[in-house]
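First up is the structure itself, then whatever we jot down about it.
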Amino acid sequence: MPFTIFTIVGARPQFIKAAAVSRAIRNLYSSDLTEFIVHTGQHYDSGMSDVFFEELEIPKPAFHLHVGSASHGAQTASMMTALETLFLNEKPDLVLVYGDTNSTLAGALSASKIQIPVVHVEAGLRSFNKAMPEEINRILTDHVSTLLFTPTQTGVENLKREGFGQTENTQVDANHPLVVHSGDVMYDNALYFRKLAEEKANDWFRTLGADNGFILATIHRNANTDDPNRLKSLLTGLSNASKYLNQPVFLPLHPRTLKMIQQFGESDAFFTDLASRNIRILPPASYLQMVLLEARCTFIMTDSGGVQKEAYFYRKPCLVLRPETEWVELVQSGAAILVDADEKRMQEAVAFFSNQEYPAPDGFYGDGKSAEFICGEILQMLKSQKDSANCGT
Ligand code: UD1
Ligand code: UDP
């Protein structure tokens with residue numbers, strides 16, 4: 001009998017990360033591992049959810065919790081209530097969670113409390129800023145996980161500092177968690193989907209009229225969206241960069257940010273007239289559309305974790321619209337510059353990058369086969385747990 005894995009997803013980046021591991025299970029491990037996708041419903045607009053299932057060959061969710069939006073506590077609690085019942089009924093062999101969203105935390109807490117092993121993909125990342133809800137989600141998820149896959153060596157070091165010692169594959173269980181440096185499944189996807197993006201999204205791209213260069217920007221962190229002064233400063237910085245480079249800014253907009261721009265626009269004309277600043281708001285892009293935007297732009301300016309890395313995959317200079325990042329190797333290598341929401345720092349970074357070659361070497365995020373490696377390690381753990389259980393009976 002194959003082992004059963006319940007994969008918990010709910011937010012846009014998790015659909016994308018899950019695509020890589022699902023593909024590896026399907027292609028290489030289908031006789032040993034059976035995956036069931038559980039969609040919490042954290043993201044629910046079709047452009048934030050369905051489109052990724054359609055494009056990225058992810059199995060349709062076997063279970064959908066439809067939790068929708070709410071405050072952090074209410075949202076996480078309703079996910080946990082539903083997940084606990086599901087896990088008790090279905091008894092998966094393990095629960096797989098990705099990244100650092102409320103769906104990640106809900107999956108990890110619900111499973112660990114009823115002794116189902118938790119596997120965390122994208123473990124060990126730290127911004128060292130607990131004002132980020134994601135930082136709290138990451139720390140708690142790591143500390144209830146049994147198998148922790150870090151995308152970077154920095155992730156391994158961060159976990160060692162928090163007391164994770166074991167790196168040899170001996171006994172692995174909730175009290176003896178194993179940390180493994182796997183590389184980053186998002187890099188697997190960047191390699192895998194590039195050609196398909198050229199085939200499937202090129203007609204859409206041509207409708208943008210982007211032939212003479214453009215800046216790609218994304219903004220969705222709560223720290224940036226919920227404070228009108230920060231949001232205004234970011235948009236002014238984008239507009240200044242557009243003038244300096246003589247290129248439009250394309251801003252595929254997260255629904256959270258769109259709502260805030262509309263809300264602030266009711267009392268402040270700045271927010272209603274972004275087109276005159278050469279900022280073009282687009283609906284959230286599909287993944288394949290995003291690949292073309294990233295691969296063909298001149299600059300990327302973002303507060304997204306995933307988009308920072310994709311800038312590096314496509315060798316584009318990146319301005320990180322945050323005070324810090326957990327992807328420290330990007331900043332240390334010079335591939336990205338932290339500019340926060342500071343117009344002046346944005347201007348300086350654009351000028352700096354305009355006058356130099358792309359600085360960073362390849363290789364920070366693995367070899368493009370991280371998902372296969374992760375599946376192999378998961379199977380090894382499940383087999384050895386089964387063997388020990390059989391020895392004990
Ligand atoms: C969440 C994650 C964040 C991740 C991001 C990816 C948490 C705490 N945050 O942030 O780490 O980077 O997803 O995109 O889990 N909304 C819609 N339609 C949707 C989804 C959201 O309109 O399909 C609006 C709602 O007004 C909602 C708001 O966006 O209240 C925020 O959504 P939520 O999922 O709570 O957080 P994100 O900002 O998307
Ligand atoms: N992404 C997308 N469409 C968009 C913006 C982002 O497909 O309009 C993809 C992006 O290419 C990356 C992932 O979503 O693969 C990053 O997710 P997001 O920025 O929502 O969250 P974060 O990575 O910050 O948690």
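Rounded to two decimals, what ratio of Rg to Rh does the chain give with C-alpha atoms and a Kirkwood Rh?
Radius of gyration over Kirkwood radius for the chain works out to 0.97.
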Ranked by Cβ crowding within 10 angstrom, fewest neighbours first, how are Leu56, Leu216 ordered? Leu56, Leu216
Below 15 angstrom from the Cβ of Asn246, what's the summed charge of the other residues (Lys, Arg +1; Asp, Glu -1)? +2
Could you give each residue of the stretch 245-251 its phi-based ³J(HN,Hα) in whole Hz, using Karplus coefficients 6.51, -1.76, 1.60 with θ = phi - 60°, and x for Gly or Pro? 8, 6, 9, x, 9, 9, 10
With axes computed from alpha carbons, what is the tilt in degrees of helix 287-296 against the longest principal axis of the chain, rounded to the nearest 10 within 0 to 90? 50
Would you order Ser30, Ser233, Ser110, Ser276 from fewest to most other beta-carbon atoms within 10 Å of each residue's own beta-carbon? Ser276, Ser30, Ser233, Ser110
In the structure shown, of Lys17/Lys60; Lys17/Lys369; Lys200/Lys369; Lys60/Lys91; Lys232/Lys344, the pairs separated by more than 18 angstrom at the C-alpha atoms are Lys200/Lys369; Lys60/Lys91
On C-alpha positions alone, give me the angle between the axis of helix 12-28 and the longest principal axis of the chain, in degrees, nearest 10. 50
In which sequence would Ile16, Ile281 go, from the one with the fewest C-beta neighbours within 10 Å to the one with the most? Ile281, Ile16
What is the spread of the Cα atoms of the stretch 261-307 along each of their three principal axes, largest first, in whole Å? 36, 19, 17
Given the stretch 251-340, report the % of alpha carbon pairs whose separation exceeds 19 Å. 46
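To the nearest 20 debye, what charge dipole does the chain have about its Cα centre, counting +1 at the Cβ of each Lys and Arg and -1 at the Cβ of each Asp and Glu?
Taking the Cα centre of the chain as origin, the dipole is about 400 debye.
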Spin-label pair Ile136/Phe352, simplified geometry with 7 Å Cα→Cβ offset, distance in nm: 3.3
Rounded to the nearest 10 degrees, what's the angle between the helix 102-113 long axis and the longest principal axis of the chain, both from Cα atoms, 0 to 90? 10
Calculated FRET efficiency, Asp32 and Asn229, Cβ-Cβ r, R0 51 Å, to nearest 0.05? 0.45
Pairwise label distance in nanometres, Ser46 with Lys195, each label 7 Å out on the Cα-Cβ vector: 3.0
If contacts are Cα pairs under 8 angstrom and at least 6 residues apart, what is the relative contact order of the stretch 101-214 in percent? 23
Would you compute, from DSSP H runs of 4+ residues alone, the mean residue ellipticity of the chain at 222 nm, taking -39500 (n - 2.57) per run and dividing by the full residue count, rounded to the nearest 500? -15000 deg cm²/dmol
Based on the Kirkwood radius over alpha-carbon pairs, what value in µm²/s does the Stokes-Einstein equation return for the translational diffusion coefficient of the stretch 313-393 at 37 °C and 0.692 mPa s? 206
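What net charge is computed for the residues neighbouring Lys259, neighbours being all others with C-beta under 13 Å from the C-beta of Lys259, Lys and Arg scored +1, Asp and Glu -1?
-2
Quick note: the coordinates plus some simple rules give every number you see, no bench work behind them. Keep in mind it's a predicted model, so treat the numbers as computed, not measured. Using ideal geometry, Cβ is built from the backbone for each residue, glycine included, and neighbour counts are taken over all protein chains shown.
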